[in-house]
Amino acid sequence: MVQYTEVMVRYGELSTKGKNRKDFIGKLAANVNRVLKDFPEIEVHPKHDRMHITLNGTPFEVIDEKLKKVFGIQTYSPVIKTEKSLESIKETALEIMQATYEAGMTFKVNTRRSDHKFEYDTNQLNSIIGDYIFEKIPGIKAEMKHPDLVLRIEVRQDAVYISNQLLHGAGGMPVGTAGKAVMMLSGGIDSPVASYLALKRGVDIEMVHFFSPPYTTEKALAKAKELTGVLANYAGKINFIAVPFAEIQETIKEKLPEGYLMTVQRRFMLRLADIIRERRGGLAIFNGESVGQVASQTLESMVAINDVTTTPVLRPVATMDKTEIIKLAEKIGTFDLSIVPFEDCCTIFAPPRPKTKPKLDKARKYESYLDVDGLIQRALDGIEITAIYPDQKFIDNQSSEDADLL
């Protein structure tokens, strides 16, 4: 196995940010440091054109999966830094090629030289190193247009950097560069995907999750927290805000017509999310609504529900169909957890015949029968905030606790 000395990170979309570029690169460096916090020996050096992650003995393979999930990284390469002598370049190039070459692969050499005082120019190095690889690796073939391996040699002022891998990162913008918001997270498939898409555009999100004990179980709450743990791989840490909702649901069910239970419940959820957003310094509310997917997601329902706030409500999966959402959920690792059958508060009190085209004036009228301020305040008084880190487990812990009670 090759002992790479560092990782070279390329920024991609950050190159368009002009005068703000420095701030974006600084945020990306902070996010990389956070994701790699378990490797204190690693050093992160953000520079204008790219970022260098010095491994100091840490195997590249150990951090590869973590870097894949850092938004703001377009591509990255594990490299070996070597001295500026022809023999060192040859030996390092051969070591890297032998470690990655498989029978039948083609290659080419691509040299860049910022140190123009180096004794060999790019064409000379391409030829010398290419001939050396031919000599040492039997059967290897050259291909200029679409090679399997591109041996990249960068001759800089301080050293020579060599790699033959170009790995794709998560793209997008560094989390935190687009401001802060709250995400209304259920235990289903859609809202985790919406969370991922919000993070990808640089939004620093905090999860707001409504739970209704004793109607919903501790396992349902643990599931939502564990989904947050999966998503924290893309953010480093996400705050999870659990909001008790049982009293509100019981009151609505007792006092309002069945057809408007869902509409008024959602109005309360949005009110609570908006108050929490304001208290936490957020600028917007995100959710996982997809137009027309269920009764609460028709345009008429959205009008009746959004009436309670002027805060922007953003819906990243609004125009995606279920197949597209599921495919993305599988890609980011939330699907299998989302379909675990622990009911959340949105399903347990769902009326059999909800209004798909609720009237705004009726929603306001029915809501006026309730002590809205008192219900909201008691829910806010009961919120619990938990900081959740990548891949943190909660369902297994809950199962262990249940076993201890038996």
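General remarks:
- For Asp158, the solvent-accessible surface computed with a 1.4 Å probe is close to 90 Å², ligands and nucleic acids excluded.
- Expressed in units of 2.2 N^0.38 Å, where N is the residue count, the Cα radius of gyration of the chain is 1.24.
- Calculated FRET efficiency for the pair Met105/Lys362, C-beta based, R₀ 56 Å, to 0.05: 0.25
- Of Lys117/Lys141; Lys22/Lys69; Lys66/Lys393; Lys37/Lys180, pairs whose Cα-Cα distance is over 28 Å: Lys117/Lys141
- Taking every protein chain into account, the 1.4 Å probe leaves Asp38 with about 100 Å² of accessible area, to the nearest ten.
- The C-alpha atoms of the chain define a longest principal axis, and helix 322-332 lies at about 50 degrees to it.
- Longest DSSP-loop-exposure-free segment, GluC sites (Glu not before Pro), the chain, at most 11 other Cβ within 10 Å: 120-406
- DSSP-defined antiparallel bridges as percent of all bridges, the range 6-168, nearest 5: 70
- With every protein chain in place, the chain: carbon and sulfur % of accessible area (1.4 Å): 49
- Spatially proximal lysines relative to Lys253 (Cα-Cα < 20 Å; intrachain offsets below 8 disregarded): Lys355, Lys357, Lys359, Lys362, Lys365
- Selection of trypsin sites (Lys or Arg not before Pro), the range 81-190, meeting DSSP coil and at most 12 other Cβ within 10 Å: Lys117, Lys145
- From the alpha carbon centroid of the range 27-46 to that of the range 267-287 is 31 Å.
- The long axis of helix 372-381 is offset from the longest Cα principal axis of the chain by roughly 50 degrees.
- Helix 86-100 axis, angle to the chain major axis (alpha carbon atoms, nearest 10°): 50
- Of interest is the spacing of the C-alpha centroids, which for the range 62-113 and the range 304-338 amounts to 38 Å.
- Sparse-neighbour loop sites [trypsin sites (Lys or Arg not before Pro); the range 268-359; at most 15 other C-beta within 10 Å; DSSP]: Arg280, Lys359
- Set against the 2.2 N^0.38 Å expectation for a compact globular protein, the range 6-168 has a Cα radius of gyration ratio of 1.09.
- A 1.4 Å probe run over the range 6-168, with the rest of the protein chains in place, finds 51 Å² accessible per residue.
- At the listed q of 0.13, 0.18, 0.23 Å⁻¹, the Debye profile of the range 1-92, built from one uniform point per Cα, gives log10 I(q)/I(0) equal to -0.46, -0.81, -1.15.
- Kirkwood hydrodynamic radius (C-alpha pairs) into Stokes-Einstein, the range 117-161, 20 °C and 1.002 mPa s, D in µm²/s: 178
- Net dipole in debye of the chain [+1 Lys, Arg Cβ; -1 Asp, Glu Cβ; about Cα centre; nearest 20]: 1520
- Residue-normalised accessible area of the range 255-359, given per residue in Å² at a 1.4 Å probe: 49
- Of the beta bridges in the chain, as assigned by DSSP with both residues counted there, near 50 percent are antiparallel.
- Projecting the Cα positions of Val264, Leu380, Phe342 onto the charge dipole of the chain (unit charges on Cβ atoms of Lys, Arg, Asp and Glu, taken about the Cα centre) puts Val264 furthest along the positive direction.
- Gyration tensor verdict on the range 237-308 (Cα atoms; rounded if a/c is under 1.5, prolate if a/b is larger than b/c, oblate otherwise): oblate
- On the principal axes of its alpha carbon atoms, the range 105-215 extends 73, 35, 22 Å, with the longest extent given first.
- q = 0.11, 0.13 Å⁻¹: log10 I(q)/I(0) that the Debye formula gives for the range 180-397, counting C-alpha atoms only: -0.48, -0.69
The values are calculated or read from the model by the stated rules, or taken from the named source; none is laboratory data. Computed from a predicted model, the values in this text were never measured in an experiment. Here the Cβ is made from the backbone with ideal geometry for all residues, glycine too, and neighbour counts use every protein chain on show. Quick note on the areas: whole protein, heavy atoms, side chains included, nothing else; ligands and nucleic acids left out. Shrake-Rupley method; radii C 1.70, N 1.55, O 1.52, S 1.80 Å.
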